[in-house]
1. Taking the beta-carbon count within 10 Å as an exposure proxy, list Arg219, Arg227 from fewest neighbours to most.
2. Label Lys54 and Lys170 with points 7 Å out from Cα along Cα→Cβ: what is the distance between them in nm?
3. For Val17, Val42, what ranking results if the residue with the fewest other Cβ atoms within 10 Å of its Cβ goes first?
Amino acid sequence: MPGWDYSRNGYYFVTPVILYMKCLLGKIENGKMIFSDFGKIVNDEWHKSFEIRKELFLDEFTIMPNHLHAILIIKHPEDDNLNADDDVIWDNNVDEIENEIWMEIGNDENGNDENGNDENGNVQTHGRASLASPHAQFPHAQPSHAPSLHCQPKSISSFMAGFKSATTTKIDDYIDLHHLPIAKFNRKNRLWQINYHDRIIRYHREYLNIKNYIRNNPRNWDEDKLRTKH
């Protein structure tokens, strides 16, 4: 969202995707994800990412054969604006969520992130943080010469760049260690798409829709628009 500070407190739905949607991270059997060796590395690095970031918390997530879905919570320690427990109406609008992801990243194999930037910009918990208020005033869009709010430190973008870099390095190390007859990953042979889907979650019903979608993603793999045969 233009002008939005992606380091501010809130809930965020993110989906990074393997380049060309290749199923490098594992396979789905009987509605459950079975990790490949690469998938195990991605899973380990995903959890480690939250151990070193005090402001970032993991809510729901799932790793799929060629992508990852997660709800991330930014909650800066100095802020104590917690608890947003309003009653909600369950509305499982899965098609809308999946179509939004597909429109943004499903057809984009090499694109940049939302601001046209390269990805090298540079404790798992069930704790609750307040959702971004639906009545809050959104920051005005920044002038073209202003630094991007999306790519500043402790933002979603900086986290995603670090995670992609760490997993690429670890997988390349694995390729070397096991003398695998495959090309290592680099700028010309990327592991991840440069871009990723992100959504600011502002309503409890929307939060529950997305949480439900993530939980059911493995069992719905046969109908998943991001599914490929390779």
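Any read-out appearing in this document is the output of simple, stated calculations on the displayed coordinates, not a laboratory observation. Note that the structure is a prediction, hence the values are computed from the model and not measured. Here the Cβ positions follow ideal geometry from the backbone for every residue, glycine too, while neighbour counts run over all protein chains shown.
1. Working: Arg219 12, Arg227 16.
Final ranking by Cβ density, sparse to dense: Arg219, Arg227.
2. A separation of 2.4 nm, rounded to one decimal place.
3. Values: Val17 23, Val42 26.
Listed from fewest to most nearby Cβ atoms, that is Val17, Val42.
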